[in-house]
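Visitor: Take this structure first; my questions come after.
The values are calculated or read from the model by the stated rules, or taken from the named source; none is laboratory data. These numbers come from a predicted model, not from an experiment. Positions of Cβ are backbone-derived with ideal geometry, glycine not excepted, and every protein chain shown enters the neighbour counts.
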Amino acid sequence: MGSLALKIPEINNSYYDSTEASANESKIKAIIRPNFGAYINNTAYLVNLPKELIEAFIFIESAGNPNASTKYATGLMQLSTASASDTLVTEKGAGRLSVQEANILKKYLGSRFSLLENVKANQTSIGKTFVTKEDLLKPEFNILVGSILLKQLVDEFTENGKVRMDKVITIYNGGRFSSISKKVIKYKGNTTQLLSQVPKETSAYIVKLLGTNGLLDTLV
């Protein structure tokens with residue numbers, strides 16, 4: 001798939017039938033691309049991810065509603081303020097934050113960007129949440145930070161030259177430190193076998209994205 005070592009569909013399981021898959025594509029073309037396509041395309045270029053992957057995560061996480069909010073997460077890609085903060089520190093600590101990305105972040109963080117400028121090599125947290133819910137309600141900011149997190153996970157869970165997108169989805173959805181994520185990180189079985197090892201909601205997320213008639217199967 002694009003620049004990713006990923007076979008689509010990844011599994012034979014289906015969450016959507018062909019009619020639902022067509023409706024999903026229509027919604028993405030009618031809601032997500034007209035409103036956020038410029039941000040998605042630019043972010044895809046900056047972080048080196050296929051735009052269809054970013055679109056798929058936005059569709060599943062928020063259905064393209066920039067004001068989507070739960071007790072735990074906010075915005076198009078449903079990020080928590082703590083996860084967003086640590087994602088940016090990790091990216092800066094890894095020396096991966098580009099000038100273009102930094103300029104976008106400065107636009108929204110203002111003086112708080114100085115916290116990132118002081119991050120040391122390989123640092124993954126400053127022990128402080130500096131991204132706010134208001135930041136995450138801004139589509140450009142949300143898409144960039146969510147995509148940076150997605151790329152970090154894609155790079156971390158590329159095994160033997162193949163992206164384990166099932167692991168990426170589980171950890172993106174549930175957080176790195178959940179009991180399920182800790183189990184999945186070490187899991188040696190294939191994607192179909194993994195479906196029975198995760199909660200029903202996580203299993204559905206994986207099939208929605210990777211299955212036959214799934215979002216990537218429809219968009220790519």
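Visitor: So which residues in region 104-134 are closer than 21 Å to G174 by Cα and in a helix (DSSP H, G or I)?
Guide: The answer is K133, and nothing else.
Visitor: Looking at (1) surrounded by fewer than 21 Cβ atoms within 10 Å (Cβ to Cβ); (2) within 20 Å of L210 (Cα to Cα); (3) among the β-branched types (V, I, T), can you tell me which one I126 breaks?
Guide: The number of the failed condition is (2).
Visitor: If T158 meets every condition in (1) of a type in the set (V, I, T); (2) within 19 Å of the chain's Cα centre (by Cα); (3) at pLDDT 95 or above apart from one, which number is that one?
Guide: (3)
Visitor: Among the residues of region 116-124, are any within 20 Å of the chain's Cα centre (by Cα) and over 24 Å from F36 (Cβ atoms)?
Guide: Narrowing region 116-124 to residues within 20 Å of the chain's Cα centre (by Cα): 124.
Applying the additional criterion that residues be over 24 Å from F36 (Cβ atoms) yields 124.
Yes, region 116-124 contains a residue that is within 20 Å of the chain's Cα centre (by Cα) and over 24 Å from F36 (Cβ atoms).
Visitor: Every residue in region 153-189 that is buried (at least 20 other Cβ atoms within 10 Å of the Cβ), assigned to a helix (DSSP H, G or I) and not hydroxyl-bearing (S, T, Y), please. Walk me through it before giving the result.
Guide: Let us first name the residues in region 153-189 that are buried (at least 20 other Cβ atoms within 10 Å of the Cβ), namely 153-154, 163-173, 184.
Still in the running and assigned to a helix (DSSP H, G or I): 153-154, 165-173, 184.
Hits for region 153-189 are L153, V154, M165, D166, K167, V168, I169, I171, N173, V184.
Visitor: Considering only region 199-212, I want to know if a residue exists there that is β-branched (V, I, T), outside any helix (DSSP H, G or I) and at pLDDT 95 or above.
Guide: Filtering region 199-212 for residues β-branched (V, I, T) gives 202, 206-207, 212.
Subsequent filtering for residues that are outside any helix (DSSP H, G or I) retains 212.
Those left that are additionally at pLDDT 95 or above: 212.
So far as region 199-212 goes, yes, one or more of its residues are β-branched (V, I, T), outside any helix (DSSP H, G or I) and at pLDDT 95 or above.
Visitor: Quick one: in region 142-174, of everything that is free of Cβ contacts under 8 Å to residues at least 40 places away in the same chain and of a type in the set (A, V, I, L, M, F, W, C), which residue is farthest from V47 (Cα to Cα)? Explain how you work it out, then say what you get.
Guide: Taking region 142-174 and keeping what is free of Cβ contacts under 8 Å to residues at least 40 places away in the same chain, we get 153, 155-157, 159-160, 164, 167-168, 170-171, 173-174.
Checking which are of a type in the set (A, V, I, L, M, F, W, C) leaves us with 153, 157, 168, 171.
Numbers: L153: 12, F157: 16, V168: 16, I171: 19 Å.
The qualifying residue farthest from V47 (Cα to Cα) is I171.
Visitor: Given the condition crowded, with 20+ Cβ neighbours inside 10 Å, touching a residue at least 24 places away in the same chain (Cβ under 8 Å), touching a Lys or Arg at 6+ places or on another chain (Cβ under 8 Å) and not aromatic (F, W, Y), answer yes or no: does some residue in region 8-29 qualify?
Guide: Among the residues of region 8-29, not one is crowded, with 20+ Cβ neighbours inside 10 Å, touching a residue at least 24 places away in the same chain (Cβ under 8 Å), touching a Lys or Arg at 6+ places or on another chain (Cβ under 8 Å) and not aromatic (F, W, Y), which makes the answer no.
Visitor: Take the residues of region 1-46 that are part of a loop (DSSP other than H, G, I, E, B), charged (D, E, K, R) and under 20 Å from the mean Cα position of the chain (by Cα): which is nearest to V220 (Cα to Cα)? Quick ask: steps written out before the conclusion?
Guide: Taking region 1-46 and keeping what is part of a loop (DSSP other than H, G, I, E, B), we get 1-17.
Now drop any that are not charged (D, E, K, R), which leaves 7, 10, 17.
Cutting the leftovers down to under 20 Å from the mean Cα position of the chain (by Cα) gives us 7, 10.
Values: K7: 11, E10: 13 Å.
Once the filter is applied, the top-ranked residue is K7.
Visitor: I've got another one for you. If we keep just the residues of region 55-74 that are in contact (Cβ under 8 Å) with a residue 40 or more places away in the chain, more than 14 Å from N173 (Cα to Cα) and crowded, with 17+ Cβ neighbours inside 10 Å, which is nearest to the chain's Cα centre (by Cα)?
Guide: E55
A quick yes/no check of all residues on (1) under 14 Å from V145 (Cα atoms); (2) of a type in the set (D, E, K, R):
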residue	(1), (2)
E20	no, yes
T43	yes, no
V89	yes, no
A94	no, no
